[in-house]
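Take a look at the structure below.
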Amino acid sequence: MRLRYDLDHPEAAKDVLLFYRAHEVDRLLPGDRYLKRLIRPLYNRLHHRQKVTGFGVSFAMLCKGLERAGYRVHRNAYALARANPDYPVGVIGGSAILKDWSLPNPAILGPSLFDQPGQAPRLFDDPRFKSYVCLARWMYDMFETVYRDRCVTWFAGIDSEAWPDLSGHPKDLDFLIYDKVLWDHDQYQTTLIDPVVRTLEARGLTHHTIRYRHYDHESFRSLLARARGLIFLCENETQGIAYQEAMASNVPVLAWDRGYWADPQWKLHWAAPPPASSVPFFSDACGERFVGLDDFPERLDRFMAGRAGYQPRRYVLENLSFEQSAALYAAAYFAAASA
């Protein structure tokens, strides 16, 4: 199958070749990731936790957005790419996908391949690689320090039909607390999460807590229907699909946003942690942010006073749509052919 691509009319091209491999690591023994591939389907039948990583969800949303925009998405079609060596490809997922990468096609890389550019500082020595996709603006700024003039921005569109407006449902929870603290969780349980809960209880505010990866989408949607607000606790986010699903459901967000990248990798490459955000797609219409416990009571007061006036779903519809997502990625993707 020959794919047509006219440099003078790139918008006429309707085929997008995407290559994805999930991020995998050995946990206990060398090579145990291969065993996990075999037992994962059975394990997934036995639990109700999240079964797809955020990277997998992001990839699925990219495909869905492109297909809704009229593109034919070809997933892991290696033979098709080899038959069209000048046609661009997109490479997404864990960095292992680039090991022994053999396709000659011009490639747009990311998101999700690397946590920070120091993991592959000479990435663009390979002439096949044209650009790197970053989600949050803070990630773009961090990757640009090494991949100068090679970075592009993109976001996964939020499915506003799958996450409808739930503001009209009966509410019996003042807050759903979303615990996505990734590093030093035991410490933050004592110094952040428990004090936040005590503050809510001192004010007579009802709450329920869920932890990242310990729930499924149906239970999350059911809890959002009951909640008047979401308290989002995470050190930093590249996109933050879960809090954006809450916003699409018209549930306003009170977010812990301390302002810097928490991953210990920063110590290998910077004198201080790079700036980062836990809610990189956000505005005053979506809710409030707090830096730490010192300003949490005051921000909680502001949130409670303004709760009826927030319009988070409108923000999602205007800024995080599938249409916008597909247009951003397609522009960067087809630009790779002429780079």
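Assorted remarks:
- Under 5 Å, built H, 5+ apart or other chain: amide partners of Ser131: Leu109
- Distances between placed amide hydrogens fall under 5 Å for Asp15 paired with Arg72, all partners being 5 or more residues away or on another chain.
- Shown is the FRET efficiency for Arg226 and Asp165, computed with R0 = 22 Å from the Cβ-Cβ distance and rounded to the nearest 0.05: 0.90.
- Label-to-label distance, nm, for residues given as Lys267 and Glu144 (7 Å Cα→Cβ offset): 2.9 nm
- Rounded to the nearest 20 debye, the dipole size of the chain about its Cα centre is 1020 debye, using +1 on the Cβ of Lys and Arg and -1 on the Cβ of Asp and Glu.
- Spin-label pair Arg258/Arg203, simplified geometry with 7 Å Cα→Cβ offset, distance in nm: 2.1 nm
- Here's the picture: a label point sits 7 Å out from the Cα of Asp294 along the beta-carbon direction, and within region 193-223 the residues with their amide nitrogen under 20 Å of it are 193-197, 199.
- Radius 11 Å from Cβ of Arg228, net charge of other residues (Lys, Arg +1; Asp, Glu -1): +1
- Proximity of backbone amide H atoms, modeled 1.01 Å from N, is registered between Val253 and Leu230, Gly287, Glu288 at under 5 Å, excluding neighbours fewer than 5 places apart on the same chain.
- Furthest towards positive pole of dipole, Leu293, Gln189, Ser283, structure part region 175-319, Cβ charges: Ser283
- Relative packing of peptides 313-324, 231-242, 192-203 - highest average C-beta neighbours within 10 Å first: 231-242, 313-324, 192-203
- From phi via Karplus (6.51, -1.76, 1.60), per-residue ³J(HN,Hα) for region 101-114 in Hz, x at Gly/Pro: 4, 10, 5, x, 5, x, 10, 9, 9, x, x, 5, 5, 9
- You can think of it this way: the chain between Arg75 and Ala339 has 92.7 nm of extra reach, that is 0.36 nm per residue less the Cα-Cα gap.
- A protection proxy built from the mean count of other Cβ atoms within 10 Å ranks the segments 142-151, 268-277, most packed first, as 142-151, 268-277.
- Lysine pairs within the chain, Cα separation less than 29 Å, 8 or more sequence positions apart or different chains: 19
- Taking each DSSP H run with n ≥ 4 as -39500 (n - 2.57) and averaging over every residue of the chain yields -9000 deg cm²/dmol at 222 nm.
Only the coordinates and a few stated rules stand behind these numbers; no lab work does. Because the structure is a prediction, the values reported are computed rather than measured. Neighbour counts are summed over all protein chains in view; Cβ atoms, including those assigned to glycine, are modelled from backbone coordinates with ideal geometry.
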